[in-house]
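What follows is one structure encoded as structure tokens, with my remarks underneath.
The values are calculated or read from the model by the stated rules, or taken from the named source; none is laboratory data. Fair warning: this is a prediction, and the values are worked out from it, not measured in the lab. Cβ: placed from backbone, ideal geometry, glycine included. Neighbour counts: every protein chain shown. Surface areas here come from the heavy atoms of the whole protein model, side chains and all, with no ligands, DNA or RNA. Shrake-Rupley method; radii C 1.70, N 1.55, O 1.52, S 1.80 Å.
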Amino acid sequence: MAHPIANLHVRRTVPLPTPRELEAELPLTDKVRASVLRGRQAIETILTGRDPRMLVIAGPCSIHDERAALHYAERLAALAEDLDDHLVVAMRVYFEKPRTTVGWKGMIYDPDLDGSFDIASGLRRARQLLIQIVGLGLPTATEFLDPVTPQYLADLISWTAIGARTTESQTHRQMASGLSMPVGFKNSTDGNSQIAVDGTLSSREPHAFLGIDGDGRMATVLTKGNPHGHIVLRGGSAGPNYGASHVRDVYARLERAGLRRQVLVDCSHANSGKDHTRQAAAFRDVLAQRAAGDRGLIGLMVESNLFEGRQALGSDPSTLRYGVSITDACIGWEETVQLLHEAAALRTEATPATA
């Protein structure tokens, strides 16, 4: 008998429903479809300079409890409606978590928080939650980490990020070129923003690559290119990069590449030194730059939850506190409301309404 030479480190494979099967099980209503399109169009008009409002993406570092996430979404949807004249607000709904080494990888991969890795259930629960959130009229924002995931969820997303660990990846740049929503490329973990500029340029071009179709078959994917790529500054190993001098450097790189001045600032991660209490400082610094006339700063992202801080995921998920992050620490709801009102008031002051 021949000695096996393939899959030596694979324990087993578990079949998944195809994207088309999951879509049939959890279809979009006309109301949900219209809400997704409104969110995408609103963000696109900001990126093309036709809408002076700022984009604000707020929500948990990661989703681990659907009930708490929907509770947060209901609050954010009401706040977004109140501030709609001044801001476009989207909810951060992250189901995949990139890890520097190891750790919980997100609700899609381990929805029961116990190492059972029921990915079929994770995809199903993620899609169901997105339908509920978008049904509130609230646009959703996420990060696509695995290039297969968009086949299951992309029809419910209005904005997506390519993360700091994958922004240099050819696979993710190719994927972004075919996505149907605006895509923000984050600078790398060391703070290099040129990598994000290069990713934006690459994603605007047509690509051909290996993927799956709606029936789960391997296929060649041929894309048109995505015209709505832009830069996301999230800081790096050298520290924050939301200050005016850093932003000017990015603008120079964008201009050399023939791209518009479009920068969204992630107030968390290295821009806050992973200290959630410092997100507000980054947020307000960017607002001050906007007030001084910098309209290239098109948006802000904050990691926010019902309650501030974080908690460790232990061996018993039933002991977790409701509405508190199990990944990066988040600001609480009251501070979120304060910051979004400040952003809305800034535009009112800087751009008074005219008859």
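Quickly work out the SER318-to-GLN128 label distance, labels modelled 7 Å from Cα along the C-beta direction, and quote it in nm with one decimal.
2.0 nm
Work through the residues other than ASP114 whose Cβ is under 15 Å from its Cβ and net out their charges, Lys, Arg +1 and Asp, Glu -1.
-3
In Å², and per residue, what accessible area does the chain have when probed at 1.4 Å with the other protein chains present?
On a per-residue basis, 45 Å².
With springs only between Cα atoms under 10 Å apart, run a GNM on the chain and tell me which of LEU145, LEU47, LEU210 wobbles the most.
In the Gaussian network model the winner is LEU210.
At a Cα cut-off below 20 Å, give the aspartates and glutamates reachable from LYS274, other chains included and same-chain residues fewer than 8 away excluded.
GLU96, GLU143, ASP190, ASP266, ASP285, GLU303, GLU308, ASP328, GLU334, GLU335
Along segment 16-29, what does the Karplus equation 6.51 cos²θ - 1.76 cosθ + 1.60 (θ = phi - 60°) give for ³J(HN,Hα), rounded to whole Hz, x for Gly and Pro?
In residue order, the calculated couplings are 10, x, 6, x, 5, 5, 5, 5, 5, 6, 10, x, 8, 7 Hz.
Take the Cα of THR13, step 7 Å along the line toward its Cβ, and report every residue of segment 199-216 whose backbone nitrogen sits under 14 Å from that point.
Taking a point 7 Å out along Cα→Cβ of THR13, the residues of segment 199-216 whose backbone N falls under 14 Å are 212, 216.
Using a Gaussian network for the chain with springs between C-alpha atoms less than 10 Å apart, which of these wobbles most: ALA208, ALA344, ALA42?
Among ALA208, ALA344, ALA42, the largest GNM mean-square fluctuation belongs to ALA208.
Only Cα pairs within less than 10 Å get springs; with that Gaussian network setup on the chain, which residue of LEU55, LEU320, LEU113 has the largest fluctuation?
Top of the fluctuation ranking is LEU320.
For the chain, which whole-number percentage of the solvent-accessible area (1.4 Å probe, protein heavy atoms only) is attributable to carbon and sulfur atoms?
52 percent
Report the label-to-label distance for GLU81 and ASP249 in nanometres (one decimal), using points 7 Å from each Cα along the Cα→Cβ vector.
Placing both labels 7 Å along Cα→Cβ, they lie 4.4 nm apart.
Tell me what the chain gives for mean residue ellipticity at 222 nm when only DSSP H runs of n ≥ 4 count, each as -39,500 (n - 2.57), the sum divided by the residue total, rounded to 500 deg cm²/dmol.
Helices in the chain give a 222 nm mean residue ellipticity of -11000 deg cm²/dmol.
By per-residue mean of other Cβ atoms within 10 Å, what is the highest-first order of 211-217, 258-264, 92-98?
Taking the mean over residues of other Cβ atoms within 10 Å, the ranking is 92-98, 258-264, 211-217.
State the antiparallel share, in %, of DSSP beta bridges confined to the chain, rounding to the nearest 5.
On the way: 7 of 38 bridges.
Approximately 20 percent, going by the DSSP bridge assignments.
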